[in-house]
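Please read the structure below before turning to the comments.
The values are calculated or read from the model by the stated rules, or taken from the named source; none is laboratory data. All values reported here derive from a predicted model rather than from experimental measurement. Because the Cβ atoms are built from the backbone with ideal geometry, glycine has one as well, and the counts that use them run over all protein chains shown.
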Amino acid sequence: MSENREKKVREPLVHLTRRSIMSPAKAWGIRVMAVLLGLLVCGIVAFLLVDKLRQNPGRIGEFYYTFIKGSFSTPRKAWKFFKDLAILLCIALALTPAFRMRFWNTGAEGQTLMGIWGAIAVAFYWGGKIPEGLLLVLMFAASLLCGAAWGLIPALFKAKWNTNETLFTLMMNYVASYVVAYFLVVWVPSGSSNLGKLKYGKLPSLGHDYLLIILVTLLLTIGLHIYLNYSKHGYELNVVGESIRTAKYVGIGVGKVIIRTMILSGALCGLAGYLIAAGLDQTITTESVGGQGFTAIMVCWLAKFHPLGMILTAGLVTLLDHGAAQISQDFSVASDFPDVVVGIILFFVIGSEFFINYQLHFRGHEKEGSVK
Amino acid sequence: MEKKLALQMRGITKRFGSVLANNHVDLDVYEGEILAILGENGCGKTTLMNMIAGIYYPDEGHIYMEGREVVIRSPKDAFDHRIGMIHQHFKLVDLFTAAQNIILGMEDQGRYNLKDVNARVREIAEKYGFRLDPEKKVYDMSVSEKQTVEIIKVLYRGADVLILDEPTAVLTPQEIDRLFAVLRKMKEDGKSIIIITHKLNEVLEVSDRVAILRRGEHIATVNTADTNEAELTEMMMGQKIDLNIRRSDPVNVQPRLIINGLNLYDSERVHVLKDVSFTAYAGEILGIAGIAGSGQRELLEAIAGLQPLESGEITFRNPKKDKPVTFFHKSLRRVEELDREHAFHDPQGKEISFKGMSRKDIRKWVDSGEVLFKEDEIIDLRNKNPLEIRELGIRLSFVPEDRLGMGLVGNMDITDNMMLRSYRKGPGGLLDRKKPRALAEEIIQSLQVSTPGTATPVRRLSGGNVQKVLVGREIAFAPKVLMAAYPVRGLDINSSYTIYHLLTRQKENGVAVIFVGEDLDVLLALSDRILVMNGGRVTGLVDARSATKEEIGLMMTRTESREGGEAHE
Amino acid sequence: MNIWLDFFIDSLAFGATFIYGSTGEILTEKAGHLNLGIPGIMCMGGAGGCLVLNLIGKSGMPGFLIVLLGTLGSLAAGMLMGLIYSFLTVTLRANQNVTGLALTTFGAGLMKVLMKLTDPVVYLVGPKQLFRFPFAGRTDSLQRLGVLFFLAVAVAIAASWVLFRTRAGLNLRAVGESPATADAVGINVTRYKYAATMIGSGIAGLGGFYYIIDYMASQEAYLSIEAFGWLSIALVIFALWRPHLTILGSTVFGLLFSCSSYIANIPGVQITMAAKPILKMLPYLVTVLVLIVTSIRNKRENQPPASLGQSYFREER
């Protein structure tokens, strides 16, 4: 600092103030800009990593085109896009009530996995022994119950002793994964831990295999939107999230709301698990959720915890993921390339919030009444 | 006597969004003087000083020290110019000791050796007459000790210009005297002291000159010796305002809330309320005085059902004998419950029983006004939570000290804040926003809340408007008891008077009003009786029409009380 | 052969991975930043070091230079990741949890892409022995303790010393407890946050590198780093935010993790296949237990830094 003064004092280069409010159009403009910038950086990174691009820079146009192609070039791909979107959205929706309550549930991965486990366990033990319809109902109940239980445990401790939920739920993911690992050893006598597709417990197809999943998620989106914004329960959890002291002041049982909401959040994760188990996989591995529990956290946050907005953010993430996967196929890059792309774009979108919330004043410009 | 200029401000302007906090302010500070910055809440005193201390950066204007322009971009720059500020909300790390807090941020001062620091701190404390244990952790300290740490922190860094923001707000009269003695000693040492305050008597007592700010503008700077209270008030307010609060004589007073032998421990097992007993009467304002943290907050929260009691009784009395029961106060479920306790009779004095009747018929009967209470209602509120209290049909309103952290939800709009108390009403699981919106509109109109509309988050409102929304909601439910903690803190004069007026009107409507205040002048002018607390104990109960400030000040610091709360007749 | 000694030393060696990870995390948390990007940072630290070794592994450089450059490569990669995190959360004041998760997605993905560009024969087979020089030539289990193990212990102790015995440490802790206070006394909050996060990330990165090149010294090792990154974050709680306690904590974690492979070798002990996942679950359950116990005891000195997770903006009103 001392040499600064010797050099002749100057006003600060950049000066920050908080914006009072920004028009939604402008805010969305900034977000779209961020995504575009992120795509540009992805191109540069791809250039460094992808041999085929380096050898033939002319293919850069094709590179970007592939992003769209990856999701929509064939009807099969489009269906897969909406299916993946639906599953991701379903998990993100499940997190929403918890996040609105400022309960940082990082355990969607485990809660969903337990949901899958519940359904598969029922199908494994009772498949073929009871009518298929009843089996599906029991699987459904088991999924919801297991997911809810996995959400409930950390909530109980949070409610009683304010135990840090971020880390607790995080640990529960690994416990869940080893629970599944244990059962795979028990269920598969060969020791390969490869269960294979089960014969029973498959959800009926409504014309298309994925249609049911997409419809259920759509209904859930609307339902949750109503629950959070127009129901008494939703109001209570919002108050708890904003201020526990206010909640106590008006006589809301904070512990009760935390527990109730986490049962809901866990059960909805369980529902996502049910859709995966009975609607798609009919089997289970420790990787059945594949990190979507974590991606869903970002999807949820990017939409500012608004269920309807999550359709967009989940769509964006799925689009990038599929596009980048297509790229790794067409340009022969490692199959983990999508994670890199999603990461980079997220950095830009996360960072762009700053320009929505704050205003920069540069030296020399600030005298001219930058008040707006 | 020739005085040397220590610091000059010229044309300082600062805006926050559309609010003009300081408008072209000029100010001179001399060496070896105590300068008071006087102005009412929200006039931009603190903002102005924050710009010297490097917390804010001015939008326009210049600061000079010893004739040379200086740029203060950060608190570090301020320290380099030997300027130190003691903020109203202390900036201390709770987990550290006094000494650790004092040397915090001094990177170029050699090896980290707490022993040397402790010795040096003791030395400074001795020089100016402070009492401080350098090894005590801040979370174990009293408010006055924390302030001492802040002052020594600034002195340790060799500040020549000291700014104190409302230093007396949290101190007892005795502690204030001690502080002023220290300030005078520092002045003799050649230091410039700036104290920010809105209390006239302190200005007159301690300062050499007074700079008056009003609505962000510098009105004048005068020598303290050449002015008086009336003149200062006029400059501060802009026009002569009648400082008197209209106080009506209480009529038809009767016991409403009886507190007996209340004991309470907080979450860290500190005994925060000790044998507190008193009675709040319907139709009067009971003021509660005491230095901050004497148990006022805990007392109100205990009554509101927010604190689990150790022992004691809280009894609510409602003179309902021979009065009809109504659904305005009681839910149908509660009425049925009371009926099972044989609480009603008809106008002829014959006992009533709803046994075997349909709910529709019960409703009809009650609405006819012929279902009367046999006795006064006497309800034990001990260890009931706010919800249970409400379900008993007791209208207990509470305006807490922490408006946005407790009374309201900052991020929710006015309508949603209106339903905080009533959202459970109505059948089904969905919310009814119609009535709350109507109430919001009514309050905005009747209390002149300035807001773009009912859909504005309350966080965006100014302090006065936030308080109007909160008080408006609490009054809307026609309370029997209204408790308000520091309801005018941070409010401008006009909003403050709106609040005083509302409280008085409630009292005239027969509500038992409990008012916790910090300004003794206001307490004396507004209340009917004043309860004084110190260290969780009731140390006095006086008639506000005859008591004096000195008398109350003494009670606020008295450590032991002989007669608990038995003082009233 | 003493199986108990082998077991213990293996646990110590394994634990060094966590010492790096959680010491790094403690430094960032002390600056008030909950960094959920640590798993990604550890991945990239591993990748960075391996990339450097991939370049110089067969160059015929002197052994110590290879060790040094590999380590520096890892450190640099970790710090770069820390820079991304700091820029987003400190300068742009982005949500820490989301940024951290995005960083983990990015780092874990990029590592896997990068590791596929390397040749294990070059980066691993030659260099791995070089890192084991302290006990080179011994045939007992002590040879398992390489130079990066001792560096881990030294780093943890040094970090504790800096945090609790120096002015810089005092200032850093003040930044994490109450940035407004630190700012008001002239501490450059931004600089401290950047420094702590980047140094912490560099240290954490070494954990990934150590795990690949020394502890596992195998081609597939990089696939499990991410999981250990999460465990490192858990260990911070176990160590009550004191770096030197991570040495103890990581040994306990190491013991719990290794016991599933050692228990079968103990004479007279029979173990079924199904018991292995249960044993591997133990470290996570123990962490949960510690979390619960500290929250019940609720002691002031053992709580997370008070401003953890919150962005700081001076002119907040």
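Would you call A:D336 more than 10 Å from chain C (Cβ to nearest Cβ) and of a type in the set (D, E, K, R)? No, not satisfied.
Here A:L95 passes the criteria (1) within 14 Å of chain C (Cβ to nearest Cβ); (2) surrounded by fewer than 19 Cβ atoms within 10 Å (Cβ to Cβ); (3) touching a residue at least 60 places away in the same chain (Cβ under 8 Å) except the one numbered (2). If you go through the stretch B:105-113 one residue at a time, do you hit one that is more than 8 Å from chain C (Cβ to nearest Cβ), out of contact with any Pro (no Cβ under 7 Å at 6 or more places or on another chain) and buried (at least 16 other Cβ atoms within 10 Å of the Cβ)? No, because not a single residue in the stretch B:105-113 is more than 8 Å from chain C (Cβ to nearest Cβ), out of contact with any Pro (no Cβ under 7 Å at 6 or more places or on another chain) and buried (at least 16 other Cβ atoms within 10 Å of the Cβ). The condition of being of a type in the set (D, E, K, R), under 15 Å from C:A31 (Cα atoms) and not in a loop (DSSP other than H, G, I, E, B) holds for C:R173. For the stretch B:438-475, give me each residue that is assigned to a helix (DSSP H, G or I), within 14 Å of chain A (Cβ to nearest Cβ) and under 27 Å from B:T504 (Cα atoms). Selection gives B:V458, B:V466, B:V469, B:L470, B:R473, B:E474. When the stretch A:257-284 is filtered for residues that are assigned to a helix (DSSP H, G or I) and of a type in the set (S, T, N, Q), the ones remaining, listed by number, are A:T261, A:S265.
Against the list (1) outside any loop (DSSP other than H, G, I, E, B); (2) facing another protein chain (nearest Cβ under 8 Å), the condition C:A306 fails is (1). Of the listed requirements (1) away from chain A (no Cβ under 14 Å); (2) surrounded by fewer than 23 Cβ atoms within 10 Å (Cβ to Cβ); (3) without any contact (Cβ under 8 Å) to a residue 40 or more places away in the chain, B:V488 misses just one: (2).
Counted as qualifying within the stretch B:330-422 are the helices (runs of 4 or more DSSP H) with 3 or more residues that are within 30 Å of B:V516 (Cβ to Cβ) and within 14 Å of chain A (Cβ to nearest Cβ), namely B:386-391, B:414-418.
Taken over the stretch B:57-80, the criterion of being hydroxyl-bearing (S, T, Y) and either more than 9 Å from chain C (Cβ to nearest Cβ) or more than 33 Å from the chain's Cα centre (by Cα) (or both) is satisfied by B:Y64 alone. Filtered by the rule that a residue be surrounded by fewer than 23 Cβ atoms within 10 Å (Cβ to Cβ) and either charged (D, E, K, R) or out of contact with any Lys or Arg (no Cβ under 8 Å at 6 or more places or on another chain) (or both), the stretch A:302-312 gives A:A303, A:K304, A:H306, A:L308, A:G309, A:I311, A:L312.
Checked against (1) within 14 Å of another protein chain (Cβ to nearest Cβ); (2) more than 26 Å from the chain's Cα centre (by Cα), C:V286 passes all but condition (2).
When you look at A:G251, is it small (G, A, S), at pLDDT below 95 and farther than 28 Å from A:Y182 by Cα, yes or no? Yes; evaluated as a whole, the condition is true for this residue. Within the stretch B:86-104, the set of residues being of a type in the set (S, T, N, Q) and facing another protein chain (nearest Cβ under 7 Å) comprises just one member, B:Q100. Within the stretch B:260-278, can one find any residue that is assigned to a helix (DSSP H, G or I) and within 30 Å of B:D543 (Cβ to Cβ)? No, because not a single residue in the stretch B:260-278 is assigned to a helix (DSSP H, G or I) and within 30 Å of B:D543 (Cβ to Cβ). A:Y200 - would you say it is away from chain B (no Cβ under 14 Å) and in contact with a strand residue (DSSP E or B) (Cβ under 6 Å, 6 or more places away or on another chain)? Criteria met by A:Y200. So is B:D346 touching an Asp or Glu at 6+ places or on another chain (Cβ under 7 Å) and farther than 30 Å from A:I244 by Cβ or not? So B:D346 fits the description; yes. Only a single item in (1) at pLDDT 85 or above; (2) over 26 Å from A:G291 (Cα atoms); (3) more than 9 Å from every other protein chain (Cβ to nearest Cβ) is not met by C:R297, and it is number (1). Scanning the stretch A:226-242 for residues that are under 15 Å from A:W104 (Cα atoms) and within 11 Å of another protein chain (Cβ to nearest Cβ) gives A:N238, A:V240, A:G241, A:E242. When the stretch A:259-288 is filtered for residues that are within 14 Å of chain C (Cβ to nearest Cβ) and surrounded by 24 or more Cβ atoms within 10 Å (Cβ to Cβ), only A:I284 remains.
In this structure, does C:V67 turn out to be aliphatic (A, V, I, L, M), modelled with pLDDT of 90 or more and part of a helix (DSSP H, G or I)? It is true that C:V67 is aliphatic (A, V, I, L, M), modelled with pLDDT of 90 or more and part of a helix (DSSP H, G or I). Only one of the numbered conditions (1) modelled with pLDDT under 85; (2) part of a helix (DSSP H, G or I); (3) facing chain A (nearest Cβ under 9 Å); (4) farther than 27 Å from A:N162 by Cα is not met by C:P277, and that is (1).
In the condition set (1) touching a residue at least 60 places away in the same chain (Cβ under 8 Å); (2) of a type in the set (V, I, T); (3) more than 14 Å from chain C (Cβ to nearest Cβ), B:I83 is compliant with all but (3). Of all the residues in the stretch C:224-233, those that are at pLDDT 90 or above and either away from chain A (no Cβ under 12 Å) or surrounded by fewer than 20 Cβ atoms within 10 Å (Cβ to Cβ) (or both) number 1.
Number of residues in the stretch A:295-344 that are among the hydroxyl-bearing types (S, T, Y), out of contact with any Cys (no Cβ under 9 Å at 6 or more places or on another chain) and either under 18 Å from A:E62 (Cα atoms) or in a helix (DSSP H, G or I) (or both): the value is 4.
Among the residues of the stretch A:57-79, those identified as loosely packed, with under 12 Cβ neighbours inside 10 Å and of a type outside the set (K, R) are A:P57, A:G58, A:G61, A:T74, A:P75.
For the stretch C:110-159, give me the residue count where each residue is part of a loop (DSSP other than H, G, I, E, B) and either on the phi < 0 side of the Ramachandran plot or modelled with pLDDT of 85 or more (or both).
13
Evaluating C:K112 against the criteria (1) free of Cβ contacts under 8 Å to residues at least 60 places away in the same chain; (2) within 7 Å of another protein chain (Cβ to nearest Cβ) leaves one unmet condition, (1).
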